[in-house]
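Okay, structure first, notes after.
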Amino acid sequence: MNKYAAEFVGTFWLVLGGCGSAVLAAAFPEVGIGLLGVSLAFGLTVLTMAFAIGHISGCHLNPAVSFGLWAGGRFPTKELAPYIIAQVLGGIVAGGVLYVIASGQAGFDVSAGFASNGYGEHSPGGYSLQAALVCEVVMTMLFVVVIMGATDKRAPAGFAPIAIGLCLTLIHLISIPVTNTSVNPARSTGVAIYVGDWAVSQLWLFWLAPIVGGIIGAFVYKAIAGKEE
């Protein structure tokens, strides 16, 4: 149960920190942190939690990562469902806390997006479904490649959280304009259920694409890592 609790807390922190920065601070008058700040916030949540709980649960914080590590032979099948449940619940609770905080400001409108992921008219840059699908698959694929490489027994010890956190930052810098960046079904679900409507109807993409990308990433890393891995 310690591992599942760690995944719950870690995913809670990822959604609260990452989505919270987007909802509360991205466009704050005059001192908003903008796209760069939100990207850093997501990366910092993973970096800090990787140091805090990596030794407890592996710090997946993401169903797509769990699927990827499972496909790569790094994670047992029996723990896949419990990890994903813990991650999704952590994301939903974090979304609830963020909703309570954000709704304390006059004029708050959850239908404006609440950091939800979307495509078409709900993409920040107006990108199509096809563009969003390709973006999420490729970004998640490379995220899993970096995770598996940084945690390979042949990699320099102790630096994996830094590489993984910076990778997630880079992913957000690239893809926020396209989908608002998911690469994580738990992150997407954690805020989408409070928006309802379009956010829930488009949520399928942000489960399908990251999981497919994560599994592909595992096979890509296995192919380039060699037999020693």
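Yes/no matrix, rows are residues, columns are (1) at pLDDT 95 or above; (2) at negative phi; (3) surrounded by fewer than 22 Cβ atoms within 10 Å (Cβ to Cβ); (4) touching a Ser or Thr at 6+ places or on another chain (Cβ under 7 Å):
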position: Ile174; (1), (2), (3), (4): yes, yes, yes, no
position: Ser182; (1), (2), (3), (4): yes, yes, no, yes
position: Ser188; (1), (2), (3), (4): yes, yes, no, yes
position: Gly196; (1), (2), (3), (4): no, no, yes, no
position: Phe206; (1), (2), (3), (4): yes, yes, no, yes
position: Gly214; (1), (2), (3), (4): yes, yes, no, yes
position: Val220; (1), (2), (3), (4): yes, yes, yes, no
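Output the residue which, of all residues in region 40-74 that are touching a Pro at 6+ places or on another chain (Cβ under 7 Å) and closer than 16 Å to Gly158 by Cα, is surrounded by the fewest Cβ atoms within 10 Å (Cβ to Cβ). Lay out the reasoning, then the answer.
As a first pass, look at region 40-74 and keep what is touching a Pro at 6+ places or on another chain (Cβ under 7 Å): 47, 50-51, 54, 63-64.
Okay, now just the ones that are also closer than 16 Å to Gly158 by Cα, so 47, 50-51, 54.
Details: Leu47: 22, Ala50: 23, Phe51: 15, Gly54: 17.
Checking each candidate, the answer is Phe51.
To keep it simple, each residue is scored yes or no on (1) under 17 Å from Phe12 (Cα atoms); (2) under 18 Å from the mean Cα position of the chain (by Cα); (3) open to solvent by 40 Å² or more (accessible area, probe 1.4 Å).
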residue	(1), (2), (3)
Ile85	yes, yes, yes
Ala112	no, no, yes
His122	no, no, yes
Val137	no, yes, no
Thr140	no, yes, no
Ala155	no, no, no
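For region 13-34, a residue qualifies if it is open to solvent by 50 Å² or more (accessible area, probe 1.4 Å) and either within 16 Å of the chain's Cα centre (by Cα) or not aliphatic (A, V, I, L, M) (or both), and the qualifying residues are Trp13, Phe28, Pro29, Glu30. Output the qualifying pairs, or none if there are none: Cβ atoms under 7 angstrom, residues six or more apart or on different chains, first residue in region 117-131 and within 17 Å of Pro210 (Cα to Cα), second residue exposed (fewer than 12 other Cβ atoms within 10 Å of the Cβ). Here the result reads none, with nothing in region 117-131 linked to a residue that is exposed (fewer than 12 other Cβ atoms within 10 Å of the Cβ).
Within region 45-53, not a single residue is out of contact with any Asp or Glu (no Cβ under 8 Å at 6 or more places or on another chain), more than 18 Å from Ala160 (Cβ to Cβ) and not in a loop (DSSP other than H, G, I, E, B).
The values are calculated or read from the model by the stated rules, or taken from the named source; none is laboratory data. The structure presented is a predicted model; accordingly, all values stated were derived computationally and were not measured. Positions of Cβ are generated from backbone atoms using ideal geometry, with glycine treated the same way; all protein chains shown enter the neighbour counts. SASA here: full protein model, heavy atoms, side chains in, ligands and nucleic acids out. Shrake-Rupley method; radii C 1.70, N 1.55, O 1.52, S 1.80 Å.
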